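Accompanying notes for the structure given below.
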Amino acid sequence: MSSNGNNGFFRRLSYNIGLVIIALMFVFFSLVSDFFLSIPNVLNILHHGAILGTLALGVTYIIILGEMDISFANLMSFASVLVAIFLRYGYSSLVSIVFATAISVLLGTANGFFVGYRGYSSIAVTLATSNLFLGLNYTVSKGRPIYAAMPDTFLAIGQNSIIGVPISVILLIIVSVVTYFIIHATSYGQKLYAVGSDQDSARVMGINVRLVKLVAFITASIYVAISAVISTSRLGSGQPIVGSPYFLETLAAVFFGKAISRQNVSTVIGTLTGTVVLSILFNGVTLLGLPSYIYQLVLGLVLIFAMLATIKRRTKMV
Amino acid sequence: MKRLMAFLFKNSILLIVLAVVLYFCLRVPGFLSITTLKNILMNSIAISIIALGLTFVLSVNKWDVSIGSTASLSAMTTCYLIQVSGGSTFLGLVGGLAVALLCGFLNGLLVAKLHFEDIVATIATQSLFFGLAFLYAGGYEIYKNMRPSFRFIFNGNLGVVPFVLVLTVVIYTIADIFFRKKKIGRWLYSTGNNPRAALFSAVPVERVIMIAYLLSGLFAGFAGILGASEHGRAWILLGQGYLLTGYCVVFLGISIFEKPTPFGTLLSAFFISTIRTGFVMENVIYYLSDIVIGLLLLGAVVVSNEKKIVHQNYKVGEL
């Protein structure tokens, strides 16, 4: 710790930059909008956060590995269309969800195979598969929304509440707890961090790097399917472009979490903090009646400033 | 036999592309004509300009995902300045290119000087530039006061040859000379292969990466301006499709020539444009070309990486 008290204070502040930003945004938005702290609005924030958070937690696995995924947004759109189509053909909610998840997992396995077992650059592979998923999606849906008479059990996932708490938020809490357990309390989570910091060393230590990468991409595709189910149920239809707005937001949430972490790695808490920050920001910009592109602008700025705030702790590139 | 198989695999993407082109030549009526050739060339220009910038960035082994937004922002700036100034094409061009350079400079600052991760930094700036592009007209198109001199940039002819075609050839020739004959070309490749080794060999690594991002921004902005000049208007989503096609073009070039080169990029831009034009003339549903371009990119990535593995004699990531 620095002997200079002032310096120490700012350093501690930069460790908790996420909480500081959340607090500042809460104060700012509750001052400028009367509606911000009302219960319906908080539920709105949580609804948005449920879909975003599930996606972001899935992508966290891949970012911890030091890889990148571009295809998750298009995969989410495709999964959403698939769920709606299975429901339209009269399958029960459970069967439709399982089928759509299975197909997502299959496509996620393709990503994981190319990245893990063939060692290709993950960003190039997922850029290519993201276009493939888009093409498949349009081939199946013809680019039109899929409407289906959805059973009440399915619609309940995104629209109903239990004692005032939306089911989607309960799902997010369950998913977060499970993810926290997997990443921070199992040997698989430790392997993720090991591969992410130095994969050659990890291999020498006896870690099956290929399998770790494959499993990470498969796990991420399950999370993507869950978020697709939540959003399909909330909208009541399968939308072929439902994922694309979440692309930037999800990556921003994950990288925000990475930027504010102490050791420059992704953590579950960091990702959730990023999700909360972005959900509040999205909601606040909407409440203020600002045009939606302002949100894009602010999102880019927040990401850059989060990285700037922690720049002292970064190691040099070369 | 083994050598033949290796040769076939090495050049498989090139062979597939040539086969598709041959198919179009034989099957599509009117494909083998000067008009079609001119169409193909004109369609390939914006994408070959933007892919040239990506060639620089990929040769230092970095990524720039903000090029689409840079193109939109710079096209919007150009058209806005022309509209406000009452038709001054020169002012618009200078303003648009200056904004494009600024975008590249910001990326370079974040990645080269502040050592941010390249993908994260450019995702952030992509969002930022996209938001900024909205500020001019709030999502509407800008189309007023466009003079013939502005339309000339893309649509004008020098004699019988389109002006922009000559410009592209000149830009590519200069880039090729810089890549092959000048010190900067060596610097780019050595930085891309191993930045640490390059630094110890007295290569100014940070400056090289900065130059790569500056050029990537400049060419992305110029491609955006060309798109605006072609249609005589600028709109927000102008640069949307550039990212994937641009990377597909550069990776196709890498799969042919084993490293990012201007000539490979130009050649594959021509191939991609031929395939696109062929699809349109065959009346194929539009989303099929998404699938085909995605598959081509995947194939190019597979071939270029497997080639590297054979070359290095060990598998990537394996000791």
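Values as computed for the structure displayed
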quantity: Among A:G189, A:G257, A:G289: highest mean-square fluctuation, GNM of chain A, C-alpha pairs under 10 Å; calculated: A:G289
quantity: Averaged over A:125-137, number of beta-carbon atoms from partner chains that fall within 10 Å; calculated: 6
quantity: Sequence ranges B:109-115, B:8-14, ranked by mean other-Cβ count within 10 angstrom, highest first; calculated: B:109-115, B:8-14
quantity: All aspartates and glutamates inside 13 Å of A:K191 as judged from Cα atoms, apart from same-chain residues fewer than 8 positions distant; calculated: A:D200
quantity: Residue among B:F219, B:F150, B:F257 with the largest mean-square fluctuation in a Gaussian network model of chain B, springs linking Cα atoms under 10 Å; calculated: B:F257
quantity: Burial order of peptide ranges A:51-62, B:275-286, B:77-88 (average beta-carbon count within 10 Å, highest first); calculated: A:51-62, B:77-88, B:275-286
quantity: Cα-only Debye scattering, the protein assembly as shown: base-10 log of I(q)/I(0) at q = 0.07, 0.09 Å⁻¹; calculated: -0.46, -0.78
quantity: Cα-based convex hull volume of segment A:92-171 per residue, rounded to whole Å³; calculated: 131 Å³
quantity: Per-selection Kirkwood Rh - segment B:220-308 (Cα, Å, 1 d.p.); calculated: 14.1 Å
quantity: 10 Å Cβ neighbours from other chains, averaged over peptide B:292-304; calculated: 5
quantity: Of B:Y143, B:Y23, B:Y287, the one that fluctuates the most in a GNM where chain B has Cα springs shorter than 10 Å; calculated: B:Y287
quantity: Charge dipole (debye, nearest 20) of the protein assembly as shown; +1 at Cβ of Lys and Arg, -1 at Cβ of Asp and Glu; calculated: 1460 debye
quantity: Kirkwood-Stokes translational diffusion coefficient of segment B:28-81, alpha-carbon pairs, 10 °C, 1.306 mPa s, µm²/s; calculated: 117 µm²/s
quantity: Only Lys, Arg (+1) and Asp, Glu (-1) charged, at Cβ; chain B dipole about Cα centre in debye; calculated: 780 debye
quantity: Value of relative contact order over chain B, rounded to a whole percent, pairs C-alpha under 8 Å and six or more apart; calculated: 32 percent
quantity: Estimated [θ] at 222 nm from DSSP helical runs (n ≥ 4, -39500 (n - 2.57)) normalised by residues in chain B, nearest 500; calculated: -25500 deg cm²/dmol
quantity: Segment A:6-149 - Debye-derived log10 I(q)/I(0), Cα point model, q = 0.18 Å⁻¹; calculated: -1.07
quantity: Centre separation in Å (Cα based) which lies between segment A:100-170 and segment B:76-142; calculated: 33 Å
quantity: Relative frequency of Cα-Cα separations exceeding 38 Å in chain A, percent; calculated: 15 percent
quantity: Expected 222 nm ellipticity per residue - DSSP helices of 4 or more, -39500 (n - 2.57), all of chain A, to 500; calculated: -25000 deg cm²/dmol
quantity: Out-of-range pairs (alpha-carbon distance over 20 Å; input B:K62/B:K259; B:K38/B:K144; B:K181/B:K259; B:K62/B:K181; B:K113/B:K181); calculated: B:K38/B:K144; B:K62/B:K181; B:K113/B:K181
quantity: Span-rule helices in chain A, defined as complete DSSP H runs reaching 18 Å or more along the axis (Cα) with Kyte mean at least 1.6; calculated: A:17-32, A:72-88, A:93-112, A:167-185, A:268-287, A:292-309
quantity: Rg(Cα) / (2.2 N^0.38 Å) computed for segment A:101-256, rounded to two decimals; calculated: 1.18
quantity: Whole-Å semi-axes of the ellipsoid equivalent to segment B:1-98 (Cα gyration tensor, √5λ, descending); calculated: 39, 23, 8
quantity: Helix runs (DSSP H) in chain B reaching 24 Å along axis by Cα, Kyte-Doolittle at least 1.6; calculated: B:34-59, B:89-108, B:163-180
quantity: Ranked list, fewest to most other Cβ atoms within 10 Å of each Cβ, for B:Y189, A:Y138; calculated: B:Y189, A:Y138
quantity: Shielding by other protein chains, B:280-289, mean Cβ within 10 Å; calculated: 2
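We did not get these values from a lab; they are worked out from the coordinates using the rules stated. Since we're looking at a predicted model, the values are computed, not measured. Using ideal geometry, Cβ is built from the backbone for each residue, glycine included, and neighbour counts are taken over all protein chains shown.
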